[in-house]
1. Would you mind calculating the gained length between Ser44 and Thr84 on full extension (0.36 nm times residue separation, minus the Cα-Cα distance), in nm to one decimal?
2. At 0.36 nm per residue, and after removing the present C-alpha to C-alpha distance, how many nm does the segment from Arg55 to Leu36 gain when stretched out fully?
3. Under a 5 Å amide H to amide H cut-off, with H placed in plane at 1.01 Å, what residues pair with Gly14 once short-range neighbours are removed?
4. Can you tell me the order of 69-75, 22-28, 53-59 when each peptide is scored by its average per-residue count of other Cβ atoms within 10 angstrom, highest first?
5. Å³ per residue of the Cα convex hull, for region 24-72?
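Read-outs: derived from the displayed coordinates by stated rules, not from any lab. Computed from a predicted model, the values in this text were never measured in an experiment. Because the Cβ atoms are built from the backbone with ideal geometry, glycine has one as well, and the counts that use them run over all protein chains shown.
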Amino acid sequence: MTPSTQPMRSRITGNLPPEVSSLVGRERDVLAVESLLENQRLVSLTGPGGVGKTRLALRTAREAAGSFPGGVWFIELATLRDGTHLARHVAEVLNSGNALNTLPIRLARCLGGARAS
């Protein structure tokens, strides 16, 4: 193929890890979170460790992915011990650059106009 006839490389639109097992009995919860996402830029799932918050979030993200043209991204925060590194961590996952002096501007450009979840 010549460069002009090669298909354009698709833009990466997410990084959700693969599901390793099924999510049983949480259909109502998935629907409830999806409903919240229709009107909110951010939905937080809270509760004690081990109850399935991350699994619920990932399943909901998969189900709702079609509503987010910019993609659905998973940013693991469990290992982040210092909140001052949050912006850099998010930038690294979103691959939006990590120059500290322009980081807030670069993140805003990367996320600007995108529906957040």
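1. Numbers: separation 40, 0.36 × 40 = 14.40 nm, distance 2.00 nm.
Length gained between Ser44 and Thr84: 12.4 nm.
2. Numbers: separation 19, 0.36 × 19 = 6.84 nm, distance 1.70 nm.
My answer for the length gained is 5.1 nm.
3. Val72
4. Values: 69-75: 15.4, 22-28: 10.6, 53-59: 17.1.
Packing order, densest peptide first, comes out as 53-59, 69-75, 22-28.
5. Values: hull volume 3.8 nm³, N = 49.
Cα-based convex hull of region 24-72, divided per residue, equals 79 Å³.
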